[in-house]
Each structure stands twice: as C-alpha cells, then as structure tokens.
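The values are calculated or read from the model by the stated rules, or taken from the named source; none is laboratory data. Only a predicted model underlies this, so the values are computations on that prediction, with no experimental measurement involved. Heads up, the Cβs are rebuilt from the backbone with ideal geometry, glycines too, and the neighbour counts pull from every protein chain shown.
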Amino acid sequence: MSVSHINEALGAVQQLKQNLLDKQRFKGFSGPVRMVSGAMALTAAPIMAAPFYPMRGRYYILGWAAVFLVAFLLNVIALIAWYLNDKKVQRDITLLKPTLDVIPPLFVGALLTGVLFYHKDFQYLYGMWMCMFGLTNLASRYVLPPLISVVGLFYIVAGIVCLVATDHMFPNPWPMGIVFFIGETAGGMILYHDRRRYASFDRYMKNKDREKKEAIA
C-alpha cells in the first residue's frame with residue numbers, strides 16, 4: 001500500500017470521526033452571545049451597587065431579572081438565526097431537541113425564585129441562581145464541548161459558597177456579577193473556539209476533496 005493510499009485512508013477515518021462528532025454536537029448556542037451576557041452581568045453589578053440604586057430586595061431581583069431577560073432574548077435570537085441560516089440544519093426541528101435539556105433547571109430556578117420572593121427571603125437567591133446555571137451547563141454536556149462541564153461545576157461550587165455565606169450577601173451584587181462574568185465568558189469562549197475548530201476542519205476536508213478531484217481530472 002502506497003503512502004498516498006495510507007493518507008487517504010487516514011483522511012477518510014478522520015472525516016468519519018468528525019462527521020460522528022458533528023452529528024452529536026449542538027451548534028445552536030452562540031459563544032459570542034454568552035460572552036456578551038457575561039459582560040452585561042459584570043456591568044449590572046456596579047450599577048446596582050451605586051448609591052442611587054434602591055437597596056431593597058425586589059429592586060435587586062428586578063435588576064437581575066432584566067439582565068437575564070435581555071441575555072435570554074439575545075440567545076433566542078442567535079438560536080433562531082442559526083436554525084434558519086445554517087445549511088446543515090435544513091430547518092430540521094428535531095435538531096432543536098438539545099434546547100429542551102436546559103428547561104427543567106431553568107423552570108425549577110424560576111419556581112424557587114418565586115417562592116423565595118413571596119416569602120421575602122432573598123438571601124439564598126444568588127447561590128440558587130448560580131447552582132441553577134451550573135445544572136443547565138451540565139445538562140448540555142453531552143451535546144456541547146466537554147469543557148462545558150467545568151463551567152457547570154464552577155457555577156455550582158460558587159453557588160454553594162454563596163449559600164453557605166448568606167449573611168448580608170444579597171445587597172451586594174458583586175458576587176453575582178463576577179461569577180456570571182467568569183462563567184459566561186468561559187462558556188462563550190469554549191463554544192466559540194469549538195465552532196472555529198469545526199469550521200477549520202471543514203475547510204481542510206473541502207480542500208482535500210478539491211485536490212483529489214483535480215488530480216483525477
């Protein structure tokens with residue numbers, strides 16, 4: 001067997017492996033949008049820590065709810081744009097199934113937030129929110145890059161620390177801003193570099209196919 005045949009066989013194996021990974025990975029979540037979300041959280045912290053901001057529990061909840069809502073809408077817009085424009089998706093609704101994995105922890109988090117808000121017990125909210133985001137990352141670990149699990153564990157560990165150190169935690173928005181900035185920036189960078197790696201491999205395989213066709217011609 002010649003060297004060229006060996007290279008072709010290795011290329012075919014590599015392409016098959018990449019195709020299998022490509023089918024397993026979900027690419028609807030946007031890395032840059034996650035990084036923007038983290039920056040929004042870090043920007044919100046000094047605003048809510050400023051003297052002019054009302055030091056009442058419901059205003060802190062409203063402030064973080066606004067950050068979450070804007071970040072959520074940006075992620076939904078990015079998801080829809082991917083679904084409508086990615087040629088590989090071909091508007092196959094079944095490819096959106098991985099988004100359902102994050103719904104249970106978000107729903108439970110929203111439910112617990114409502115219960116704590118009703119009882120005016122705000123001190124556990126930061127830790128609970130962090131743990132909730134940690135679970136959403138872990139829920140997606142099988143369809144996203146493996147390093148996303150590290151982000152999920154980071155959120156959970158930070159959440160546990162906040163749950164243990166609850167004294168006078170809620171009036172201080174900095175833990176939320178810093179933790180979510182680190183978590184969302186790291187998660188966004190993981191998704192962004194993973195997407196670029198796949199794009200580079202696709203270009204490499206297209207060039208190999210073109211070279212093969214030119215050699216045959």
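Here are a few things to note about the model shown:
- The one condition in (1) in a helix (DSSP H, G or I); (2) within 30 Å of Pro171 (Cβ to Cβ) that Ala81 fails to fulfil: (2)
- Across the range 136-148, the qualifying residues are those that are part of a loop (DSSP other than H, G, I, E, B) and in contact (Cβ under 8 Å) with a residue 24 or more places away in the chain, and the one among them that is surrounded by the fewest Cβ atoms within 10 Å (Cβ to Cβ) is Tyr142.
- Put simply, of Thr94, Thr113 the only residue that is at pLDDT below 95, surrounded by 14 or more Cβ atoms within 10 Å (Cβ to Cβ) and of a type in the set (S, T, N, Q) is Thr113.
- Restricting Phe72, Phe122, Phe133 to those that are of a type outside the set (Ser, Thr, Tyr) and not in a helix (DSSP H, G or I) reduces the list to Phe122.
- Failed criterion for Ile160 (all others in (1) touching a residue at least 24 places away in the same chain (Cβ under 8 Å); (2) buried (at least 16 other Cβ atoms within 10 Å of the Cβ) hold): (2)
- Taking each residue of the range 81-104 that is in contact (Cβ under 8 Å) with a residue 12 or more places away in the chain and looking for partners that are surrounded by 15 or more Cβ atoms within 10 Å (Cβ to Cβ) and among the basic types (Lys, Arg) with beta-carbon atoms closer than 7 Å, six or more apart or interchain, yields Trp82/Lys27.
- Any chance Val89 is surrounded by 11 or more Cβ atoms within 10 Å (Cβ to Cβ) and modelled with pLDDT of 95 or more: no
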